[in-house]
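Everything below concerns the one structure shown next.
A short reminder: the numbers here are calculations on the coordinates, not readings from a lab. Since the structure is predicted, the reported quantities are computational estimates derived from the model, not experimental observations. All Cβ positions, glycine included, derive from the backbone under ideal geometry; neighbour counts span all protein chains shown.
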Amino acid sequence: MFNYNDKQFVYDAKVLNKDGVGKVEDTVEAIDWAIKNNVKIINMSYGFTHYYQTLYKKIIEARQHDIIIICANGNDIFGQKEYPASYQETISIGVMKNEKSKSIFNSNDNADLYISLNNHSEKMINNTSEATALATNRLIKKYKSDFSNMDKQELITLIKEE
């Protein structure tokens, strides 16, 4: 939870089915809902292996409303780009296997930030979804008033701080 004007808000928008599969239209609809409800940070611990113009346009619109979008770099070990993590407008999170090497679960080497889950996970699964949740949590904890004047690199620096 995080406080905003003395109220606590954490929303969960279900866009994937029980098998972890979802349609891009559901994600676009969820982002649209977030825009209309003044959400400040979106965590997307999943992605698509195809570029979708409708998704990209909605990501642009969310950023125009100063929404920060933190995305998993992907858990596909075949080196593909994942979307929306590959969009410049998002902050993509990869995962470290340990302090010196990246986990095989990163879809590619294009993450904006790689996070080690050491001391954060009992099972040490080392997946990008868990690393993305940790990154989002770090940013939420620092949420005091307004991130809208911060650029992507400044936000990444905040996330790096524990």
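Mind checking which of ILE35, ASN98, TYR83 is farthest towards the positive end of the chain's charge dipole, using Cβ charges of +1 (Lys, Arg) and -1 (Asp, Glu) about the Cα centre?
Of the candidates, ASN98 comes out farthest on the positive side.
Once Lys and Arg get +1 and Asp and Glu get -1 on their Cβ, which of ALA133, ALA111, TYR46 lies farthest toward the positive end of the dipole of the stretch 2-160?
Highest projection toward the positive end goes to ALA133.
Amide H neighbours of ILE42 under 5 Å, counting only residues 5+ apart in sequence or on other chains, H built in-plane at 1.01 Å?
ILE68, ILE69, ILE70
Report the per residue volume, in Å³, of the convex hull enclosing the C-alpha atoms of the chain.
Each residue corresponds to 119 Å³ of Cα convex hull volume.
When the helices in the chain are scored as -39500 (n - 2.57) per DSSP H run of 4 or longer and the sum is shared across all residues, what 222 nm value do you end up with, to the nearest 500 deg cm²/dmol?
The per-residue figure over the chain is -9000 deg cm²/dmol.
At SER101 and TRP33, where each label point lies 7 Å from the Cα along Cα→Cβ, what is the point-to-point distance in nanometres?
Label at SER101, label at TRP33, 4.1 nm between them.
Among the listed pairs LYS23/LYS160; LYS40/LYS100; LYS97/LYS160; LYS100/LYS160; LYS36/LYS102; LYS57/LYS142, give every one whose C-alpha distance is greater than 26 Å.
LYS23/LYS160; LYS40/LYS100; LYS36/LYS102; LYS57/LYS142, as the Cα separations exceed 26 Å there.
Using the Cα centre of the chain as the reference point, and only Cβ charges (+1 on K/R, -1 on D/E), how large is the resulting charge dipole? Debye, rounded to the nearest 20.
Around 160 debye, computed over the chain.
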